[in-house]
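One structure is given below, encoded as structure tokens.
Quick note: the coordinates plus some simple rules give every number you see, no bench work behind them. Model, not experiment: these values are computed from the prediction. We place every Cβ from the backbone using ideal geometry, glycine too, and count neighbours over all the protein chains shown.
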Amino acid sequence: MFNPSRDEIRQFFTEIWRKERAHEILTSLESMAADWIGEHPEYHDELVNPDAEQADYSPDRGKTNPFLHLSMHLAISEQLSIDQPPGIRRAHDKLLARLGSPYDAQHAIMECLGQVIWEAQRSNTPLDTDAYPALIEMCASRD
């Protein structure tokens, strides 16, 4: 199983953004990441900042961690591509129909994923793969 370090993840995104800006060839995963980076212009300066790879993005600093946020986009994109956990693609499609954009749908799913991760950490249990798509379904059903 691939388990990159914090530094490797940060280098991954900063290198992709460098390659994208230099019009270099990207792998399919890099291209997907570059697309999400493109959707987040608020992170562009951070991704070219040489200090970003060592920056502290703890919640008490009040600054969103661009590397965590972009990693969650990639994780969700991968989950959708293989429908894992089962039902996530169907829940996403309902959410997409309600919200009208992949960007907004992914951010709504990200909230659900964050909640499930928080619950798993709080209770020291594995991620509840049944609750996760169910949360997305609930979000998609809201008026």
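Of all residues in the range 55-72, those being in contact (Cβ under 8 Å) with a residue 40 or more places away in the chain, of a type outside the set (Phe, Trp, Tyr) and out of contact with any Asp or Glu (no Cβ under 7 Å at 6 or more places or on another chain) number 4.
Report, by residue number, each residue of the range 1-12 that is out of contact with any Ser or Thr (no Cβ under 8 Å at 6 or more places or on another chain) and assigned to a helix (DSSP H, G or I).
From the range 1-12, those out of contact with any Ser or Thr (no Cβ under 8 Å at 6 or more places or on another chain) are 1-8, 10-12; that's our starting set.
Hits for the range 1-12 are ARG6, ASP7, GLU8, ARG10, GLN11, PHE12.
Among the residues of the range 108-143, which ones are surrounded by fewer than 18 Cβ atoms within 10 Å (Cβ to Cβ) and within 22 Å of TRP36 (Cα to Cα)? MET110, GLU111, GLY114, GLN115, ILE117 - these are the residues of the range 108-143 that are surrounded by fewer than 18 Cβ atoms within 10 Å (Cβ to Cβ) and within 22 Å of TRP36 (Cα to Cα).
Within the set LEU26, LEU74, LEU47, the sole residue that is surrounded by 12 or more Cβ atoms within 10 Å (Cβ to Cβ) and closer than 25 Å to ILE136 by Cβ turns out to be LEU74.
Of all residues in the range 15-28, which are part of a helix (DSSP H, G or I) and either touching a Phe, Trp or Tyr at 6+ places or on another chain (Cβ under 9 Å) or more than 16 Å from HIS73 (Cα to Cα) (or both)?
Listed by number, the residues that qualify are GLU15, TRP17, ARG18, LYS19, GLU20, ARG21.
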